[in-house]
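Nothing in this text is a laboratory measurement; each read-out follows from the coordinates by a stated rule. The structure presented is a predicted model; accordingly, all values stated were derived computationally and were not measured. Note that we place each Cβ from the backbone using ideal geometry, even for glycine, and neighbour counts take in every protein chain shown.
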């Protein structure tokens, strides 16, 4: 495994000189940050919210102004969850007059309730049937030395990855324990964010849009510690009240195309929704797709290796609804696809200092999922090296889960070759995902590296980079089975 990605000259890099001279026409980091800040300023961007409807129209207009053809909004029915309020009360058994009340954030897509009461039961004690399950949550820390066992290769010229420990926004040991609680007969679930290193209850997890059969609530760390102390002093009862709506509404994927030098296709995508106003998740991904559209529109058609389809999907935070809908509606396209590229999250690593999430000058660890065709893997590594995309792991599509841990996960099951980029900073599901968390110095290099990968597919046909699938059936959701290395 090479730390620098020095795998020798790839036969797929022969078209680089033809397109490199157009790099000066690519969007600048200032232009890309302008897009990101504009998107962020619209507000909460969940599927079905006004800000997400705005971005659908805005992105389509950007595609048209760039010169894309056949620009369209493709409708899909999307599960939409609108939380209004969530509260939790706790009191010693037999002493309802000693009630303590908390406000929190409803667990996404959980069942609303006017009031669900019951005895409180710790998840770790194992017996939650008939009671309200209570669990402490701690974000995990993943030594990158363990990631090395799952990676195909890396680009790490600093040599920092083996000694780096990445904080991730999951409790990996308990990532779906609210479902375990429901399966084991709990009447409700209370997640105490006592192990999150800043004070928040705004934890947008899960985002698979599965309608949980019981109510659920996230409580902040400080509130969670109070609950923990009250439960330690004796048996307690509790009550959850949560107000939310769960509907199905029409949202839209945004699509545009450019003709190329072959009859085949390259798809370049990301998602346009997010859990909050969310600059990294995924205004930054939108900026990467817009940058590809603008760059390739400046390149003469005869130098575009294939027809190009640009895709911004809806409903990533609703079970990847947009990706699934696009795949279902375009089955005739995939036999003609040379490459599907997904680009998400340009993020700074952050430290938590005195309870504040503070971005550092370092990029977050980057994951590049690539089909295990040697020529494609070499092309990706050469492209990362050419643009110095540090702290990058090259991963097989199923290295961390049955499919890539991206919005483009379900493309894996179409059999098309993949290159999918993402990173997962600790603040990704929190409103603290603000424009200062975007790794602005990486915007242009990642855009250029992506363009190099697309350019490197010149002369490929749809079978050139395909390999047999190891997993042929998609799981119930794109995030199901996600298993990064544990502590």
remark   = Computed on Cα atoms only, the convex hull of the range 316-437 has an orientation-averaged projected area in nm² of 8.7
query = Got a sec? Which residues in the range 239-262 would a label at residue 85 touch, if it sits 7 Å along Cα→Cβ and we count backbone N under 16 Å?
reply = 239-245
query = Taking Cα atoms, how many degrees apart are the long axis of helix 440-455 and the longest axis of the chain, rounded to 10 and kept between 0 and 90?
reply = 50
query = Put a dot 7 Å past each Cα toward the Cβ at residue 199 and residue 232; how far apart are the dots in nm?
reply = 1.9
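Evaluate Rg over Rh across the range 217-266, taking Cα atoms for both radii and Kirkwood's formula for Rh.
On the Cα set of the range 217-266, Rg over Rh gives 1.48.
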query = Once the principal axes of the Cα atoms of the range 284-371 are found, what is the range along each, listed largest first in whole angstroms?
reply = 53, 33, 23
Tail fraction, Cα-Cα pairs, the range 48-122, threshold 16 Å, whole percent = 69
ask   = Which distance in Å, rounded to a whole number, links the C-alpha centroids of the range 119-187 and the range 294-341?
value = 33
remark   = Rounded to the angstrom and largest first, Cα extents along the principal axes for the range 10-150 equal 77, 43, 29
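Tell me, 101, 45 in order of fewest to most beta-carbon neighbours within 10 Å?
Ranking 101, 45 by Cβ neighbours within 10 Å, fewest first, gives 101, 45.
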query = Ratio of the range 125-199's C-alpha Rg to 2.2 N^0.38 Å, to two decimals?
reply = 1.51
task = Note the angle between two axes, namely the Cα long axis of helix 221-232 and the longest principal axis of the Cα atoms of the chain, as a number of degrees from 0 to 90, rounded to the nearest 10.
result = 40
Along principal axes, Cα extents of the range 238-324, largest first, whole Å = 67, 24, 17
ask   = Which FRET efficiency value, to the nearest 0.05, do you get for residue 360 and residue 303 by plugging their Cβ-Cβ distance into 1/(1 + (r/R0)^6) with R0 = 22 Å?
value = 0.05
query = Using a basic spin-label model with each label point 7 Å from the Cα along Cα→Cβ, how many nm lie between residue 146 and residue 243?
reply = 4.2
Inter-label distance for residue 375 and residue 334, nm, one decimal - labels placed 7 Å from Cα along Cα-to-Cβ = 2.2
task = Using only Cα atoms, locate the centre of the range 188-212 and the centre of the range 374-445, then give the distance between them in Å, rounded to an integer.
result = 25
message = Between helix 285-298 and the chain, what is the angle of the helix's C-alpha long axis to the longest principal axis, kept within 0 to 90° and rounded to the nearest 10?
response = 10
request  = Normalise the Cα radius of gyration of the chain by 2.2 N^0.38 Å (N = residues in it) and let me know the number.
outcome  = 0.99
note = In vacuo Debye sum over C-alpha of the range 140-283, base-10 log of normalised intensity I(q)/I(0) at q = 0.10, 0.14, 0.17, 0.19 Å⁻¹, listed in q order, is -0.60, -1.01, -1.22, -1.31
inquiry  = How would 429, 369 line up from fewest to most surrounding beta-carbon atoms within 10 angstrom?
reply    = 429, 369
